[in-house]
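Notes follow the structure.
The values are calculated or read from the model by the stated rules, or taken from the named source; none is laboratory data. Since this is a predicted model, take the numbers as computed values, not measurements. Ideal geometry is used to build each Cβ from the backbone, glycine not excepted, and the neighbour counts take in all protein chains shown.
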Amino acid sequence: MSRYLILLPAPEAEWAELPAEAHEHGQASHGQFHQDPPAGGHEILVTGPLEPSADATSMRPDGSGGTLVTDGPFTESVEQIVGVYLIKSDDEADLRDICARSSSRGELIEFRKMAE
């Protein structure tokens, strides 16, 4: 079986400004996604939202054998990764279909197969 990392990018600033019904729709969509992979024979190993990217800590080599530690995300971008799913599956095509259905409900998804 292979493992797949389903990354959930989102524009954090826009999400914070959405009305309550948009948040409820998003929660319902994720509730459905929690049901769909197991129903298709895929095993959800880990799932969870992430704290805001502003609360991240970035660590980079400092060029002299040490580490430069800074507050905030590693890169600046419009979208940040706000949640993840780690799923084990032997049917990539079906898992992709499940992700596509979730995306059609309005979810942004980055589908990544983990290297063996």
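For segment 1-35, the set of residues classified as charged (D, E, K, R), touching a residue at least 12 places away in the same chain (Cβ under 8 Å) and over 15 Å from I109 (Cα atoms) consists of R3 only. Flag set for I44, criterion: of a type in the set (V, I, T) and assigned to a strand (DSSP E or B). Restricting segment 53-75 to residues that are surrounded by fewer than 12 Cβ atoms within 10 Å (Cβ to Cβ) and part of a loop (DSSP other than H, G, I, E, B) leaves a set whose member that is modelled with the lowest pLDDT is T75. The criterion of being at positive phi, touching a residue at least 40 places away in the same chain (Cβ under 8 Å) and more than 16 Å from the chain's Cα centre (by Cα) does not hold for G63.
Pairs are defined by a Cβ separation below 8 Å, a sequence spacing of at least 6 or placement on different chains, a first member in segment 40-51 that is among the charged types (D, E, K, R), and a second member that is surrounded by 12 or more Cβ atoms within 10 Å (Cβ to Cβ); the pairs so defined are E43/P37; E43/I87; E43/K88; E43/S89. Take the residues in segment 15-41 that are in contact with a strand residue (DSSP E or B) (Cβ under 9 Å, 6 or more places away or on another chain) and in a loop (DSSP other than H, G, I, E, B); name whichever of them is nearest to D97 (Cα to Cα). The selected residue is G40. Considering only residues in segment 76-114 that are assigned to a loop (DSSP other than H, G, I, E, B), in contact with a strand residue (DSSP E or B) (Cβ under 8 Å, 6 or more places away or on another chain) and modelled with pLDDT of 95 or more, the one that is nearest to I6 (Cα to Cα) turns out to be M114. Does at least one position in segment 77-86 carry a residue that is of a type in the set (G, A, S), touching a residue at least 40 places away in the same chain (Cβ under 8 Å) and surrounded by fewer than 12 Cβ atoms within 10 Å (Cβ to Cβ)? No, segment 77-86 contains no residue that is of a type in the set (G, A, S), touching a residue at least 40 places away in the same chain (Cβ under 8 Å) and surrounded by fewer than 12 Cβ atoms within 10 Å (Cβ to Cβ). So, in segment 97-116, of the ones that are surrounded by 15 or more Cβ atoms within 10 Å (Cβ to Cβ) and over 12 Å from the mean Cα position of the chain (by Cα), which residue ends up nearest to A56 (Cα to Cα)? Within segment 97-116, the match that is nearest to A56 (Cα to Cα) is S102.
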